[in-house]
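The values are calculated or read from the model by the stated rules, or taken from the named source; none is laboratory data. Everything numeric in this text was worked out from a predicted model, so none of it was measured. Note that each Cβ is placed from the backbone with ideal geometry, even for glycine, and that neighbours are counted across all protein chains shown.
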Amino acid sequence: MSRLALIVAAALLVMVALPHSQSRTRVVMLGTGTPNADPDRYGPSVAVVDDETSYLVDFGVGVVRRAAAAERSGITALAATKLTLAFATHLHSDHTLGLADLILTPWILERPTPLTLYGPRGLRAMTKHLVDAYADDIRIRTRGGEPKHQYDPRLVRVHEISPGVVYRDERVTVTAFPVPHGAWEQAFGYRFQTPDRTIVISGDTGPDSRIEDQCRRCDVLVHEVYSEAGFAKRPADWQAYHARYHTSSRQLGAIAARARPGLLVLYHQLIWSSTEEELLNEVRSAYDGQVVSAHDLDVY
Ligand SMILES: [Zn+2]
Ligand SMILES: [Zn+2]
């Protein structure tokens with residue numbers, strides 16, 4: 001074996017020996033669910049984790065407890081007190097039911113700084129209504145004998161965004177891009193660029209070439225999907241709805257075939273009467289790259 005071949009072989013060995021979860025930037029699937037009350041799949045929420053900082057995309061039901069579970073398994077950036085930054089894809093309830101949790105629970109647990117949110121128009125009003133709804137709770141916790149808190153929880157920094165770069169720090173650049181999601185006026189996907197990885201998260205969307213444009217050989221594409229076999233057995237009125245709002249397995253396979261991500265991660269899976277295996281087979285019928293169907297607390 002030549003010296004060059006040896007070097008190449010050694011490099012390949014290192015690449016094989018280092019799974020994606022060992023990369024500096026990790027993608028943690030806090031919740032992979034949908035509105036369906038599947039006890040194994042909490043509401044949609046994905047964390048991009050870089051060292052000790054976490055960036056949440058969406059905050060479905062159970063978000064703080066799923067983050068605590070990830071912390072328990074060693075991802076310390078997902079401690080409740082470190083959940084300070086979140087990006088909303090859109091305001092559908094399955095993606096936002098955890099917002100009161102994200103505002104209040106870490107505050108009670110002595111998070112040092114207020115929550116900062118980025119998302120579509122309406123996020124500010126939603127946040128205000130939630131804070132107002134918990135006025136009695138906040139009053140009792142503030143003046144009723146709990147030890148002094150770090151800040152006033154009514155203080156949430158909300159940024160209603162337009163497409164483009166919406167956030168940047170020394171670790172990450174976050175770009176929001178519009179996606180088509182039925183009647184929603186604003187729905188976003190997000191692209192995270194870190195020193196070692198590019199991660200694209202679709203949010204809820206119909207099939208759209210802008211996702212391919214954002215990915216283009218990105219490291220990880222996290223994309224919503226529904227099963228075509230499951231869809232075929234749905235009532236006609238629901239079929240019309242799903243087709244208008246979401247992306248089928250084969251449509252996603254075609255998108256991935258053009259975008260060529262290092263890893264395609266299925267989430268927000270609408271499987272219905274079909275199976276996860278069948279869903280994966282449907283995607284693979286249109287895409288020959290690496291694809292996994294995510295479960296809650298998977299790390300990529
Ligand atoms: Zn959804
Ligand atoms: Zn939605």
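Worth a mention:
- Any hit, the range 226-237, residues being farther than 19 Å from Thr34 by Cβ, away from ligand 2 (no atom under 16 Å from the Cβ) and not aromatic (Phe, Trp, Tyr): yes
- Across the range 62-83, the number of residues qualifying as in a loop (DSSP other than H, G, I, E, B) and free of Cβ contacts under 8 Å to residues at least 40 places away in the same chain comes to 4.
- Consider the range 74-101 and keep the residues that are more than 16 Å from ligand 2 (Cβ to nearest atom) and small (Gly, Ala, Ser). The one that is nearest to Thr127 (Cα to Cα) is Ala100.
- Which listed residue, of Asp152, Asp169, is charged (D, E, K, R), modelled with pLDDT of 95 or more and closer than 29 Å to Arg26 by Cα: Asp169
- Any chance Ala37 is free of Cβ contacts under 8 Å to residues at least 12 places away in the same chain and within 16 Å of ligand 1 (Cβ to nearest atom): yes
- Only a single criterion out of (1) among the aromatic types (Phe, Trp, Tyr); (2) within 16 Å of ligand 1 (Cβ to nearest atom); (3) without any contact (Cβ under 8 Å) to a residue 60 or more places away in the chain is not satisfied by Phe177, namely (2).
- Odd one out for Leu56, checked against (1) within 21 Å of Val179 (Cα to Cα); (2) assigned to a helix (DSSP H, G or I); (3) aliphatic (A, V, I, L, M): (2)
- When the range 212-265 is filtered for residues that are hydrophobic (A, V, I, L, M, F, W, C), touching a helix residue (DSSP H, G or I) at 6+ places or on another chain (Cβ under 7 Å) and within 16 Å of ligand 1 (Cβ to nearest atom), the ones remaining, listed by number, are Val225, Phe231, Leu252.
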